[in-house]
Structures are given as structure tokens and as C-alpha cells.
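Worksheet: the structure to be examined is printed underneath.
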Amino acid sequence: MLQLNIAHLYPEQMNIYGDRGNILTLVQRCRWRDIAVHVDAIKPGQQVNWGSYDLAFFGGGQDSGQALIADDFVRRHGEALKAAIDDGLTMLAICGGYQLLGHYFLTHTHDKLPGIGALDVHTVGGEKRLIGNILVEWREAFDGAALTTSSASPQPRYLVGFENHSGRTYLGSEVRPLGQVRRGFGNNSEDGTEGAVYRNAHGCYMHGSLLPKNPHFADHLLGLALQRRYGSSAALTPLDDQLEAQAHDVMVGRLA
Ligand code: GLN
């Protein structure tokens, strides 16, 4: 039986706009396929052997929630998590979690929260919050590199979500954008990009929750994690995603 181990970073401090729905989606899509899945909540002060995980998830949070865990995150996990990401660990980080995977987050009240620098991005808070539904053209889909098993035709090329952040994130040369904003603000509302990808680590501003609204992206992440653990022959069996695809398409239609 295939097995995946998932680490969920600071679920109590960093869970906003239903981000936990991403974990529920990953778990359920594994269960439907008879993949054994184990989730550990990583709490402040907890030691972690990052080599034992296949996938890590880090949700969003208010500036105050981020301030509670930023030091613990950087000091306890910075080096080892960065090494695991360099080694191909699959990761999804949303909004506040995304910001802490970068070099730093300078909040709009001028507090500098450190990040682990696993993603070559930095974030600066602004006065006006960037709020609303967001439509993103997903880069892997038009590059043909997406690992989804979706039987939908044409293959889903969009990601839909909801964003609410004061931080503006700017990408360095070591990351590529997750996609291009077609509606909404994305990384910084200036350069048209949303999210950042480095190896198998993904950061973005899309709450929603993201993965229930975009099952093709959930499968992309699960596919990456399985491939790293079992090699490229470990394929995901397709699921019946008709309902999920309809919900996704309604949002694409509304926002396109
Ligand atoms: N506190 C951060 C910001 O406002 C992240 C917000 C979030 O996770 N939704 O930019």
C-alpha cells in the first residue's frame, strides 16, 4: 500500500479562511485511492525530522499569528526544512505561511518578521489590503508539466481562490511564478504574477480553501509527493471530480 506522511505547520496559529480544508482535501483524495495517509500537527516547540515527510502544509494567518510563531519556525526548522525543500520535499504554503518561507515580511506596522529563505521572495506590508476572489492562469498547466489526473477536457488551466493580505510579495531570480493573475491582485498587484515555485515548494496567496476548489492542483501536489517517494511509476488513479470541476468552472466563468 502506498503511504504519504504530511506535516501541518502550526495549525492553531496559522489557519485562516478555511486553510485547513487543504489538509482535508489531501487526506480525502488519498483515502479514495487507498493511499495510507498520516498527518502530524507541528506545534511551537516541537522537534521535527523533516526527512520523514513527503508533503508539508503551512496555512495563512494574521500578522499577530505570524509573529507568535516566526521565531520558532526560523530557529527550529529553518535549516532542516530548507534542506528538505532543496531535496524535493513537496510543500504548499498559503499567504502568511508563504511569506515566512521567503526571506522576511516587513509588516505595515514596521515589524520585521524573519523567514527561512527557502523561497527567494520578500514581502512588504501596505496600507491597503488586497481582498477579493482571484483567478490565476496556472503556469504548469500551459507548460504541460502539471501532474493532474483530471479527465476534464480541456485540462484545467486556471486556479481560483480568495485573497486577503496587506503583504506585497516580490520574487527573486531563484523562483518562478505559480501563474499569471487574470483577476485579482496576486503577489503584489504590480507585476501580474501570483505565487512562487521552487523545486516542489509552492507558495501563493490563494485561500478559498485552495485545494477543494482546485482538485487538479491537489493532485499535482500529491503526484509530486508520490513520485519523490516511489519514483515516476507511482501514478495517481483518476477520481470522479465532476462536481468539483463544475464548482471550479462556475468561478472561472464568473471571474474570466
Ligand atoms: N498577515 C499577512 C498579510 O496581511 C497574511 C494574511 C493572510 O494569511 N491572509 O499580508
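Readers should treat all values here as calculations from the given coordinates under stated rules, not as data from a laboratory. Owing to the predicted nature of the structure, the values given are computational and were not obtained by experimental measurement. Virtual Cβ from ideal backbone geometry, glycine too; neighbours counted across all protein chains shown.
Here's the list of aspartates and glutamates a cross-link from LYS112 could span, going by alpha-carbon distance under 19 Å and ignoring same-chain residues fewer than 8 apart: ASP63, ASP71, ASP72, ASP120, GLU127.
If you bin all the Cα-Cα distances of the range 1-131 at 5 Å, starting from zero, the percentages per bin are 2, 10, 21, 23, 20, 12, 7, 3, 1, 0, 0.
Given the alpha-carbon gyration tensor of the range 7-73, what are the semi-axes of its equivalent ellipsoid in whole angstrom, ordered largest first, with each equal to the square root of 5 times an eigenvalue? All intermediate terms of the calculation are to be shown ahead of the outcome.
Numbers: eigenvalues 107, 48, 9 Å².
In descending order the semi-axes read 23, 15, 7 Å.
Each residue in LYS43, LYS112 was given a count of other beta-carbon atoms within 10 angstrom of its own, and listing them fewest first yields LYS112, LYS43. Dimensions of the range 72-149 based on its C-alpha atoms, expressed as ranges along the principal axes with the largest first, amount to 43, 34, 16 Å.
With springs connecting C-alpha atoms under 10 Å apart, model the chain as a Gaussian network and identify which of GLY125, GLY186, GLY115 has the largest mean-square fluctuation. Among GLY125, GLY186, GLY115, the largest mean-square fluctuation in the Gaussian network model of the chain belongs to GLY125.
Ranked by how many other Cβ atoms sit within 10 Å of their own Cβ, fewest first, the residues GLU137, GLU194 fall in the order GLU137, GLU194.
Out of every Cα-Cα pair in the range 136-221, what percent are more than 22 Å apart?
Values: 748 of 3655 pairs.
Here the tail beyond 22 Å accounts for 20 percent of pairs.
Treating each Cα of the range 107-256 as an identical point scatterer and summing with the Debye formula, the log10 of I(q)/I(0) at q = 0.16 Å⁻¹ comes to -0.90. Each of CYS95, CYS30 was scored by other Cβ atoms within 10 Å of its Cβ. Arranged with the fewest first, they read CYS30, CYS95.
Note: relative contact order over the chain, using C-alpha pairs below 8 Å and six or more positions apart, is 20 percent.
Name the lysines eligible as straight-distance cross-link partners of LYS213: C-alpha to C-alpha under 30 Å, and not fewer than 8 places from it in the same chain. Here the lysines satisfying the reach criterion relative to LYS213 are LYS43, LYS82, LYS128. Pairs of Cα atoms in the chain fall into 5 Å distance bins, from 0 up to the last occupied one, in shares of 1, 6, 15, 20, 21, 18, 11, 6, 2, 0, 0 percent. The magnitude of the dipole of the range 25-178, with charges of +1 and -1 set on the Cβ of Lys/Arg and Asp/Glu and taken from the Cα centre, is near 320 debye.
Given the options ALA235, LEU147, GLY195, identify the residue whose Cα lies farthest towards the positive end of the charge dipole of the range 99-256 (+1 on Cβ of Lys, Arg; -1 on Cβ of Asp, Glu). Positive-end residue among those listed: GLY195.
Please report Rg over Rh for the range 152-201, where both radii come from the alpha carbon positions and Rh follows the Kirkwood definition. Before the final figure, lay out the partial values.
Values: Rg = 12.0 Å, Rh = 12.0 Å.
Across the range 152-201, the Cα-based Rg/Rh ratio is 1.00.
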